Amino acid sequence: MARLPNKLQTDCVSGTSDWSRTPDGVFNVVQTCHTRSASVPAKIWRGAGKIIDAVTNSRFRIGFFGGFVHMDYQVLDRGDDYSWCILTAANPKYLWIMSKRPSVSAEEKAALVARARSLGYNTSGLVFDTQAPTS
């Protein structure tokens, strides 16, 4: 839904991040990015990882590019129904506001941005993605 600008997602439009969890606790992640236009073929990054903080279950490490690149993430906040989350990486220049739905109301968007701001993030530079509605 929104992200702070970062090198990997430069010029990314209609980006998605699809997560699934296997029975043994591994997270599989598929990141999709269309460069400059949703009509161009997507770049796809696949990753896999595990929870690294068993106490809170909010920190996890994902390996991309066959495990050559690792990044640690933390869920800062989430909806009780897991319909949205605010995610960061070890470096506070990374921030994502994610939603399971392709679009949210203006009120919900404003509330999520306000929540990220209350967590200490500068939200003035957020990039908002537009998603095609799902059928």
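Can we say Thr56 is in a loop (DSSP other than H, G, I, E, B) and on the phi < 0 side of the Ramachandran plot?
Here the answer is yes, as Thr56 does meet what is asked.
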Hits in segment 80-121 - residues which are surrounded by 11 or more Cβ atoms within 10 Å (Cβ to Cβ), farther than 23 Å from Ala48 by Cα and either in contact (Cβ under 8 Å) with a residue 12 or more places away in the chain or not aliphatic (A, V, I, L, M) (or both): Pro102, Ser103, Val104, Glu108, Lys109, Leu112, Val113, Arg115, Ala116, Arg117, Leu119, Tyr121
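Residues are listed down the side, and each one gets a yes or a no for (1) touching a His at 6+ places or on another chain (Cβ under 9 Å); (2) more than 17 Å from Arg3 (Cβ to Cβ); (3) in a loop (DSSP other than H, G, I, E, B):
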{"residue": "Asp18", "(1), (2), (3)": "no, no, no"}
{"residue": "Val29", "(1), (2), (3)": "no, no, no"}
{"residue": "Glu107", "(1), (2), (3)": "no, yes, no"}
{"residue": "Leu112", "(1), (2), (3)": "no, no, no"}
{"residue": "Asn122", "(1), (2), (3)": "no, no, yes"}
{"residue": "Thr130", "(1), (2), (3)": "no, no, yes"}
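Within segment 1-24, can you find the residues that are more than 27 Å from Asn122 (Cα to Cα) and in contact with a strand residue (DSSP E or B) (Cβ under 6 Å, 6 or more places away or on another chain)? Lay out the reasoning, then the answer.
Of the residues in segment 1-24, the ones more than 27 Å from Asn122 (Cα to Cα) are 20-24.
Scanning segment 1-24 gives Ser20, Arg21.
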Return yes or no: is Val75 among the aliphatic types (A, V, I, L, M) and either surrounded by 15 or more Cβ atoms within 10 Å (Cβ to Cβ) or not in a loop (DSSP other than H, G, I, E, B) (or both)? yes
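Can you confirm whether segment 32-43 contains a residue that is under 13 Å from the mean Cα position of the chain (by Cα) and either assigned to a loop (DSSP other than H, G, I, E, B) or touching a residue at least 12 places away in the same chain (Cβ under 8 Å) (or both)?
Looking for residues that are under 13 Å from the mean Cα position of the chain (by Cα) and either assigned to a loop (DSSP other than H, G, I, E, B) or touching a residue at least 12 places away in the same chain (Cβ under 8 Å) (or both), one finds at least one in segment 32-43, hence yes.
Each value in this text was obtained by applying a stated rule to the coordinates, not by laboratory testing. In this text, all values refer to a predicted model and were calculated from it rather than measured experimentally. Using ideal geometry, Cβ is built from the backbone for each residue, glycine included, and neighbour counts are taken over all protein chains shown.
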